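Below you'll find the structure, written out as structure tokens, and then a few comments.
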Amino acid sequence: MEITKHLLMNLSLLLVLLFFTQLIIERQVKEESRERYQLFYFIISIFTCYIFSVQVQDGIHFDLRQVPMILGSLYTGYSFLLAAFTILMRGFLGINDGFWVSVGVFATLAIVLKWIHPWFNRLTLNSRVGISVLLTVITSFLLMQMVTVVSEPIRHPEAWISFILIPALTSGLVSYSIETIRQTFIIRQRLAKADKIEAVSHLSAAISHEIRNPLTTVKGFLQLLGEKDYPDEKKKEFIDIAVQELNRAEEVINDYLTFARPAFEKEELIEVDKELNQVLNVLNPLANLNGVKIRKKYSPELVISGDCSKFKQAFINLIKNGLEAMPNGGELIVQTFRTGTVIHILVRDTGLGMTEEQIARLGEPYYTTKGQQGTGLGMMVTFSIIRAMRGKVEVKSQVGIGTTFHIRFSNLIDEK
Ligand code: ADP
Ligand code: MG
């Protein structure tokens, strides 16, 4: 019973290890680092197996080492490395008959596994699990036979059961888990892609609608201008409206392009106060119209890295909302400061404020409380830009009192 208990302990430890490796792998974006961690899992597993090695008779050690060696070779392709490590670890238990059996079996196994690795990866999920189990059974059997040949026959009857059955079980469980994890990963990637495609197609629909409206208006005015000779005043009014409409169309296109390409082509230095001033200049007419007083509280010389025009875009959308939330006047405060390596930008308004539910929906495409006047795209774009710049946004708002957006950037540039 002692051996079985030991091997079962070993089995559960391998599964626990797999679980934790998985948690790490989940967070890796790059394929290479995922593979590296997977290889790391198998190496650690081989090491763990040796800790749980049981000596059944003189010079004969039992454990599950063949399982991580086989699965590791099949899934990662590094069969020689894993075989070498397995043999090395076995060496620490003593150079004796059992050791030479290990050398023979694992060296042969490495060659066979290297050879079938490409074929293995083309199999279906179930066949892969099946092959893993089959190879484990064959190897375990081979190891047992070899031991019988070079040393005394194994007397322990339990050893036969636990040394064939438990490795097979372990192999099945571990490879099945690996397969399931892989499957989930693939499905999740596919879903993310489908989500993106859906978002883009939704957007294209909204945008063509959004752009068609201003274009129709502009066309109408141009036709009016062509039909009759209006007084200059009237003409000017028509042209003003047409320009406004075109501006709106341009805005929608800008928003859309930003959203469709949230990855940045450019990494440049952004002088925070300079760019924020430009944003405020652009929005000044709107502030005057609403009777809003703008207050700047800048810390000088804050610089972050990113795409300048997108940074401005993000803050235009954000500050514009603040101004629009104060139709009857108020105060808009733009504040910047630095703590350690973090740069903070605060935009505070004394406007309408939002309820919890409104805050939660902020950034949802087309979510707007402004009816025809709103696009419901502004915050979505702002969030996507700030996210791409690895920034964080915190929103605090109280209905009737006002809203504060607190943005933190940690991609600070130290010129000194
Ligand atoms: P839009 O401005 O076109 O409505 P946005 O995505 O920019 O779309 O904003 C979505 C909604 O979030 C707004 O309609 C408004 O209800 C709410 N909102 C955003 N910023 C503020 C703010 N500073 N104060 C109050 N409400 C805000
Ligand atoms: Mg807006």
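The values are calculated or read from the model by the stated rules, or taken from the named source; none is laboratory data. Because the structure is a prediction, the values reported are computed rather than measured. Methodologically, a virtual Cβ is constructed for each residue, glycine included, from the backbone with ideal geometry; neighbour enumeration extends over all protein chains shown. These area figures cover heavy atoms from the full protein model, side chains too; ligands, DNA and RNA do not enter into them. Shrake-Rupley method; radii C 1.70, N 1.55, O 1.52, S 1.80 Å.
Among residues of the stretch 123-138 that are assigned to a helix (DSSP H, G or I), none has a Cβ under 6 angstrom from a residue that is among the hydroxyl-bearing types (S, T, Y) and loosely packed, with under 14 Cβ neighbours inside 10 Å at a sequence gap of 6+ or on a separate chain.
Among the residues of the stretch 393-400, are any open to solvent by less than 80 Å² (accessible area, probe 1.4 Å), in contact with a Gly (Cβ under 9 Å, 6 or more places away or on another chain) and within 8 Å of ligand 1 (Cβ to nearest atom)? Within the stretch 393-400 (the criterion being open to solvent by less than 80 Å² (accessible area, probe 1.4 Å), in contact with a Gly (Cβ under 9 Å, 6 or more places away or on another chain) and within 8 Å of ligand 1 (Cβ to nearest atom)), the answer is yes, since at least one residue qualifies. With respect to (1) of a type outside the set (S, T, Y); (2) at pLDDT below 90; (3) surrounded by fewer than 24 Cβ atoms within 10 Å (Cβ to Cβ), the lone exception for I44 is condition (2). Name the single residue, out of those in the stretch 362-397 being among the aliphatic types (A, V, I, L, M) and within 13 Å of ligand 2 (Cβ to nearest atom), that is farthest from I316 (Cα to Cα). Among them, the one singled out is L362.
Can V334 be described as part of a strand (DSSP E or B) and within 16 Å of ligand 2 (Cβ to nearest atom)?
So V334 fails the test.
Given the condition modelled with pLDDT under 90, in a strand (DSSP E or B) and open to solvent by less than 10 Å² (accessible area, probe 1.4 Å), answer yes or no: does some residue in the stretch 299-306 qualify? Yes, the conditions are met somewhere in the stretch 299-306.
Consider only pairs whose beta carbons are under 9 Å apart and that are at least six residues apart or on different chains; among these, list those whose first residue lies in the stretch 270-281 and is within 9 Å of E301 (Cα to Cα) and whose second residue is open to solvent by less than 10 Å² (accessible area, probe 1.4 Å) and aromatic (F, W, Y). Pairs that qualify, where the first residue is within 9 Å of E301 (Cα to Cα) and the partner is open to solvent by less than 10 Å² (accessible area, probe 1.4 Å) and aromatic (F, W, Y), are V272/F311; V272/F409. Selection of the stretch 342-361 for residues being of a type in the set (V, I, T) and either within 14 Å of ligand 2 (Cβ to nearest atom) or surrounded by 16 or more Cβ atoms within 10 Å (Cβ to Cβ) (or both) yields I343, I345, V347, T350. Taken together, the residues in the stretch 313-341 that are open to solvent by 40 Å² or more (accessible area, probe 1.4 Å) and either among the basic types (K, R) or in contact (Cβ under 8 Å) with a residue 24 or more places away in the chain (or both) amount to 11.
Taking V381 as the residue in question, decide whether it is among the β-branched types (V, I, T) and in contact with an Asp or Glu (Cβ under 6 Å, 6 or more places away or on another chain).
The answer is yes for V381.
For the stretch 74-105, the candidate set comprises residues that are aromatic (F, W, Y) and not in a loop (DSSP other than H, G, I, E, B); within that set, the residue that is farthest from L135 (Cα to Cα) is F92.
When T21, T4 are checked against the criterion of being on the phi < 0 side of the Ramachandran plot and in contact (Cβ under 8 Å) with a residue 40 or more places away in the chain, a single residue qualifies: T4.
The rows are residues; the columns are (1) surrounded by fewer than 17 Cβ atoms within 10 Å (Cβ to Cβ); (2) touching a Phe, Trp or Tyr at 6+ places or on another chain (Cβ under 6 Å).
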| position | (1), (2) |
| --- | --- |
| I51 | yes, no |
| Q57 | yes, no |
| G77 | no, no |
| R90 | no, yes |
| G104 | yes, no |
| I116 | yes, no |
| S127 | yes, no |
| G130 | yes, no |
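The condition of being assigned to a helix (DSSP H, G or I) and among the β-branched types (V, I, T) holds for I359. When G376, G351 are checked against the criterion of being touching a helix residue (DSSP H, G or I) at 6+ places or on another chain (Cβ under 7 Å), near ligand 1 (Cβ under 10 Å from one of its atoms) and either in a loop (DSSP other than H, G, I, E, B) or closer than 19 Å to E267 by Cβ (or both), a single residue qualifies: G351.
So is V381 within 11 Å of ligand 1 (Cβ to nearest atom), of a type outside the set (D, E) and at pLDDT 90 or above or not? In short, no. For the stretch 59-73, the set of residues classified as surrounded by fewer than 24 Cβ atoms within 10 Å (Cβ to Cβ) and outside any loop (DSSP other than H, G, I, E, B) consists of I60, H61, listed by residue number.
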